[in-house]
Amino acid sequence: MAISLVLAWIVTGPGAAWLRLIERSFGAVARRKRLAVMTVGAATVLTRLALLPWFPVPEASQHDEFSYLLAADTFAHARLANLPHPMWRFFDTFHVLQHPTYASMYPPAQGIALAVGELLGNPWFGVLLSTGAMCMALTWMLQGWASAEWALLGGVLAWCQFGIFSYWMNSYWGGSVAATGGALLTGALPRIFRRKRARDAVICGIGAAILANSRPVEGGIFFLPIGLAILLWWIRGEKTERGMRVRQVILPLGIVLALTAGLVAKYNDRVTGSATTFPEALELSNNSSVAPLFVWQHAKPQTTFPNQQFEDFYNENLPRLSRSATGKAVAFWKFFVGPGLCAGLFALPLLFFRERLVRLLILQLALCGLGLCAVTYFFPHYAAPAMASLVVLLTLGLAALSRVRLWGFAAGTALVAAAVIYTLVIGPVYFMAAPPSAFQSIAISAMLHVSPQEPFRRAIEHELKAMPGEHLVLVYYGECHDPGAEYVYNEANIDRARIVWARGVRGQDVVPLLNYFPNRDVWVFEPDDRRFYSYIPN
């Protein structure tokens with residue numbers, strides 16, 4: 001940060017002429033608002049593509065990622081869910097439903113984004129495009145809250161903070177899709193109040209629909225203050241004004257929300273057999289962890305599972321991932337704010353008393369914070385909906401701070417310049433210095449404090465794909481296996497997959513599985529011993 005302050009002094013002092021030149025060029029782009037939005041999106045996509053020689057396409061390694069990839073493969077084949085497999089006991093795995101359908105337990109939005117990528121050649125392209133869409137949505141959102149120049153600067157800062165080096169771009173965990181929904185919702189609000197256009201109401205509804213299908217609980221908490229604000233805005237209008245607001249805002253928004261509710265119910269019914277039962281709720285009822293879902297609940301009794309990996313994960317490993325409120329706050333600050341953007345927080349007390357809508361955003365963040373503190377676990381993508389409000393507040397804070405002068409010196413401008421320099425230049429150095437093979441480990445382990453699975457499965461897949469025919473891999477884990485490193489995940493259509501991964505449980509008869517796949521080459525994989533060999537029947 002000290003380097004950033006020195007550079008900021010140079011820019012605002014001896015280099016002031018250069019700063020004014022940059023500002024003029026920057027302003028010329030910013031005032032063409034559509035161009036500004038497209039520029040930020042294109043910069044996100046093209047910059048990450050340019051880094052592929054050093055930071056290649058990430059490999060999935062976590063339970064959640066494989067579950068999202070299953071959803072992507074299902075949607076890419078024009079299905080909402082798959083029929084349960086007759087040999088499902090050998091394919092049972094984390095965060096995947098086996099009954100009444102074979103499907104991901106997660107809401108469909110992230111899977112849809114990955115399905116677009118799969119149709120383009122690789123699911124990660126869906127991550128790339130969704131993150132680019134997020135940065136575009138954030139820039140468009142800021143244009144409704146701040147001047148064109150500050151909106152573009154806020155979009156650029158968000159692009160650098162979240163769009164290139166974060167795990168949202170460099171894994172399949174998600175975050176960008178929900179953040180896009182939050183940005184559309186937050187960006188539509190001031191436009192609705194100013195212009196009363198049906199178009200903005202529809203965009204607001206689309207943002208809510210994205211949240212309902214990506215982070216429904218967190219998204220519902222995020223939407224509540226906005227929904228109440230729109231309702232009060234309608235009620236407080238004059239009688240003739242209320243009628244116009246119903247036609248131009250309330251009705252279009254209500255139609256989109258009603259359609260969203262119908263689509264969510266349809267998806268639930270197709271996956272779980274009940275319109276009101278969400279897939280994740282069904283999975284949690286089937287595989288219950290010892291750790292409670294909410295912090296005020298007591299620990300649950302241990303559950304007996306059909307395999308040791310489930311026993312270890314739900315009874316021992318998963319409870320250890322729980323965090324205190326302080327731990328959640330620290331993780332939130334590190335990911336969403338950090339030393340670069342924290343300067344924007346200094347001016348928030350002034351904005352709180354000046355701007356009514358700013359108070360709404362602060363209330364929104366407070367409600368989201370309480371909701372995140374109430375649950376046992378926390379990862380930054382859980383807070384993705386709230387990122388929109390935070391980006392608005394940080395950008396408005398930086399804009400207010402830039403006008404502060406001390407003893408005739410533009411101290412606020414220097415501090416803002418230091419924040420911008422740090423975010424754009426200094427911060428990414430730590431990621432750029434890492435070797436390519438360690439990039440995903442940094443993106444996930446450093447930020448989420450979890451252990452990434454070694455890419456050993458991918459090496460075996462490459463080896464088997466080079467061989468003719470179809471293959472069945474029986475995975476046998478050792479007694480001290482880390483349940484976070486799971487290898488048994490399959491495509492949506494298991495029977496047509498060239499490589500099928502099955503869970504081997506020592507003492508369990510695999511003859512029914514072998515009889516079901518009589519024409520496949522059978523292999524045994526023991527990941528804890530690094531052994532991979534052809535299966536020899538007893």
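Derivation of every value follows stated rules applied to the coordinates shown; laboratory data play no part. Source: prediction; values computed, not measured. Cβ coordinates were reconstructed from backbone atoms using ideal geometry, including for glycine residues, and neighbour counts include every protein chain displayed.
Values as computed for the structure displayed
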{"item": "The chain: angle of helix 251-272 to the longest principal axis, Cα-based, in degrees nearest 10", "result": "20 degrees"}
{"item": "Neighbour-count order for TYR68, TYR314, fewest beta carbons within 10 angstrom listed first", "result": "TYR314, TYR68"}
{"item": "Which of TRP407, ALA188, SER389, positive extreme of dipole for the chain (C-beta unit charges)", "result": "TRP407"}
{"item": "Anisotropy class of region 454-534 from Cα gyration tensor, a/c 1.5 cut", "result": "oblate"}
{"item": "Dipole magnitude of region 454-534 about its Cα centre (Cβ charges: Lys, Arg +1; Asp, Glu -1), debye to nearest 20", "result": "240 debye"}
{"item": "Beta bridge orientation in the chain: antiparallel %, DSSP, nearest 5", "result": "45 percent"}
{"item": "Difference of contour (0.36 nm per residue) and Cα-Cα distance, LEU284 to ARG195", "result": "27.6 nm"}
{"item": "Label-point separation in nm, LEU259 to HIS99, each point 7 Å along Cα→Cβ", "result": "3.8 nm"}
{"item": "Degrees, to the nearest 10: 356-374 long Cα axis against longest axis of the chain", "result": "20 degrees"}
{"item": "Residue order, fewest to most surrounding Cβ atoms within 10 angstrom, among MET244, MET134, MET169, MET87", "result": "MET244, MET87, MET169, MET134"}
{"item": "Helical contribution to [θ] at 222 nm, DSSP H n ≥ 4, -39,500 (n - 2.57), averaged over the chain, rounded to 500", "result": "-17500 deg cm²/dmol"}
{"item": "Nearest-20 debye value, the chain charge dipole, Cβ charges on Lys, Arg, Asp, Glu", "result": "3100 debye"}
{"item": "Angle between the chain longest axis and helix 216-235 axis [Cα atoms, degrees, rounded to 10]", "result": "30 degrees"}
{"item": "Potential extension, ARG498-TRP54 segment - 0.36 nm per residue separation minus Cα distance", "result": "156.8 nm"}
{"item": "Gain in span if fully extended, MET38 to LEU231, counting 0.36 nm per residue against the direct Cα distance", "result": "66.2 nm"}
{"item": "Amide H partners (placed H, <5 Å) of LEU472, local residues excluded", "result": "VAL500, ASP521, VAL522, TRP523"}
{"item": "Dipole axis of region 46-95 (+1 Lys, Arg; -1 Asp, Glu on Cβ), positive-most option in ALA76, VAL57, PRO86", "result": "ALA76"}
{"item": "Shape call, the chain: gyration tensor on alpha carbons, a/c limit 1.5", "result": "prolate"}
{"item": "Residues SER67, SER322, SER25, sorted so that the one with the fewest Cβ neighbours within 10 Å comes first", "result": "SER25, SER322, SER67"}
{"item": "Options ALA208, ASN287, LEU263, ranked by Cα towards positive dipole end of the chain, top entry (Cβ charges)", "result": "ALA208"}
{"item": "Sparsely packed chymotrypsin sites (Phe, Trp or Tyr not before Pro) within region 453-514, loop by DSSP, other Cβ within 10 Å at most 16", "result": "TYR476"}
{"item": "Set of lysines near LYS465 by C-alpha distance (under 20 Å), chain-local residues within fewer than 8 positions excluded", "result": "none"}
{"item": "Loop trypsin sites (Lys or Arg not before Pro), region 219-251 (other Cβ atoms within 10 Å of the site Cβ: 13 or fewer; DSSP)", "result": "ARG236"}
